[in-house]
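To keep things clear, I will list the structure first and then write my remarks on it.
The values are calculated or read from the model by the stated rules, or taken from the named source; none is laboratory data. If you're wondering where the values come from, they're calculated on a predicted model, not measured in any experiment. Cβ: placed from backbone, ideal geometry, glycine included. Neighbour counts: every protein chain shown. To get the accessible areas, we keep the full protein, side chains included, count just its heavy atoms, and leave off ligands, DNA and RNA. Shrake-Rupley method; radii C 1.70, N 1.55, O 1.52, S 1.80 Å.
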Amino acid sequence: MQIIKSPKKLKNLSSALKQKGKRIGFVPTMGALHQGHLSLVDRARKQNDIVIVSIFVNPLQFGPNEDYSRYPKTWLQDKANLIKRKVDYLFFPSVEDFYSGTFDSVISAGAQGLQNKLCGKHRPGHFDGVTTVVAKLFHLTQADHAYFGQKDLQQSCIIKKMVKDLDFTQKIKVLPIVREKDGLAMSSRNQYLSEKDRLRALSLSLTLKQMKKEFRHSKKSVAEIRRAGTQSLKKSVDRVDYLEVIDPETLESIKNRQKKIAIAVAAYVGKTRLIDNVIIRNS
Ligand code: AMP
């Protein structure tokens with residue numbers, strides 16, 4: 001695996017690979033890799049000639065009081081994991097290399113609709129930071145396929161919108177959430193949790209599971225199921241940012257049951273903000 005730090009070098013390399021007709025798969029990450037990230041890498045390895053992974057903690061997507069400066073870093077372990085999975089190139093730029101001195105552009109996708117819901121309401125500017133970094137990474141890698149996790153449901157919707165609206169050529173693949181044995185959605189931020197908080201954090205996935213069960217096996221209304229879910233979640237976590245029953249494509253809250261429903265949650269356990277979601281397909 002070759003480690004590349006310079007954006008220009010990456011662009012030259014991807015141009016050469018494209019000229020040779022290679023199919024490039026790309027997995028953007030912020031590092032502190034776990035099985036969720038690695039499931040994306042494995043899929044990329046299966047579907048492409050060349051796999052590029054990026055590790056870049058993108059300052060543009062963090063708010064002033066968020067965890068940018070203490071975001072977990074497990075560089076040696078990440079590198080070993082990616083070598084084991086036969087990744088071809090690891091892009092690992094510094095912030096200075098990536099956003100050179102005069103960098104001043106913003107890509108804003110889903111600006112009127114998708115951005116103003118769920119996490120977008122609570123993390124102003126976050127998704128502009130995401131689309132800006134992803135747009136730049138798509139140009140640099142010239143990937144054919146880009147791999148994202150359903151764990152960040154809103155993020156994947158906004159990226160698909162950017163690709164559609166701005167005619168990017170990348171095909172976006174969204175893969176299922178990888179969970180710990182007890183159901184907790186894997187996240188780099190789980191490292192922040194104390195043993196006690198780790199137990200409280202389980203309430204996110206348990207609430208989603210319970211709500212899913214009620215959608216499947218009860219006749220209760222969307223509002224009733226949501227109210228009960230929120231009440232139960234509030235008993236375990238310190239703050240609920242949202243627990244919404246939504247359409248998984250538009251992210252609009254829904255009032256009535258429909259064929260495809262998503263339940264999305266964001267809550268704080270101590271100082272750690274966790275997100276999770278589940279998609280329910282009704283036949
Ligand atoms: P991050 O490093 O948190 O920016 O995540 C990089 C990619 O990994 C994103 O597309 C995430 O949605 C995805 N990802 C993070 N956690 C999981 C998980 N538990 N299962 C599947 N994909 C995940």
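Looking at region 151-164, can you tell me whether even one residue there is assigned to a strand (DSSP E or B) and within 12 Å of the ligand (Cβ to nearest atom)? No, that holds for no residue.
Of all the residues in region 43-61, those that are within 11 Å of the ligand (Cβ to nearest atom), crowded, with 19+ Cβ neighbours inside 10 Å and part of a helix (DSSP H, G or I) number 1. Note on region 115-126: residues that are surrounded by fewer than 23 Cβ atoms within 10 Å (Cβ to Cβ) and in a helix (DSSP H, G or I) amount to 6. Of everything listed in (1) exposed (fewer than 13 other Cβ atoms within 10 Å of the Cβ); (2) in a helix (DSSP H, G or I); (3) not β-branched (Val, Ile, Thr), the single unmet condition for Arg227 is (1). Looking at the structure I just gave you, is Gly129 crowded, with 18+ Cβ neighbours inside 10 Å, of a type outside the set (A, V, I, L, M, F, W, C) and on the phi > 0 side of the Ramachandran plot? So Gly129 fails the test.
For region 254-274, the set of residues classified as open to solvent by 30 Å² or more (accessible area, probe 1.4 Å) and not in a strand (DSSP E or B) consists of Lys255, Asn256, Arg257, Gln258, Lys259, Gly270, Lys271, listed by residue number.
Any idea which of Lys8, Lys18 is in contact (Cβ under 8 Å) with a residue 24 or more places away in the chain and open to solvent by 60 Å² or more (accessible area, probe 1.4 Å)? So the residue among Lys8, Lys18 that is in contact (Cβ under 8 Å) with a residue 24 or more places away in the chain and open to solvent by 60 Å² or more (accessible area, probe 1.4 Å) is Lys18.
Within region 79-100, being closer than 22 Å to Val134 by Cβ, assigned to a helix (DSSP H, G or I) and without any contact (Cβ under 8 Å) to a residue 24 or more places away in the chain holds for one residue alone: Glu96.
Screening Lys260, Lys212 for residues that are in contact (Cβ under 8 Å) with a residue 12 or more places away in the chain and in contact with a Lys or Arg (Cβ under 6 Å, 6 or more places away or on another chain) leaves exactly one candidate, Lys260. Determine whether region 69-76 contains at least one residue that is near the ligand (Cβ under 10 Å from one of its atoms) and either in contact with a Cys (Cβ under 7 Å, 6 or more places away or on another chain) or closer than 18 Å to Pro93 by Cβ (or both). The answer is yes; a qualifying residue exists. Evaluation of Ala109 against the conditions (1) under 30 Å from Glu252 (Cα atoms); (2) away from the ligand (no atom under 16 Å from the Cβ); (3) part of a loop (DSSP other than H, G, I, E, B) shows that the sole unmet condition is (2). Residues in region 165-183 that are within 12 Å of the ligand (Cβ to nearest atom) and either touching a residue at least 40 places away in the same chain (Cβ under 8 Å) or not aliphatic (A, V, I, L, M) (or both): Lys173, Leu175, Pro176, Ile177, Val178, Arg179, Glu180, Gly183. Residues in region 9-42 that are more than 16 Å from the ligand (Cβ to nearest atom), outside any loop (DSSP other than H, G, I, E, B) and of a type outside the set (A, V, I, L, M, F, W, C): Lys9, Lys11, Asn12, Ser14, Ser15, Lys18, Gln19. Summed over region 184-205, residues that are within 12 Å of the ligand (Cβ to nearest atom), open to solvent by less than 40 Å² (accessible area, probe 1.4 Å), under 15 Å from Val237 (Cβ atoms) and not hydrophobic (A, V, I, L, M, F, W, C) total 3. When restricted to residues that are in a helix (DSSP H, G or I), under 11 Å from the mean Cα position of the chain (by Cα) and closer than 22 Å to Asn48 by Cα, region 127-150 contains 1.
Of all residues in region 70-79, those being closer than 21 Å to Asp152 by Cα and open to solvent by 80 Å² or more (accessible area, probe 1.4 Å) number 2.
Of all the listed residues (Leu251, Leu233, Leu208, Leu243), the sole one being at positive phi and open to solvent by less than 60 Å² (accessible area, probe 1.4 Å) is Leu251.
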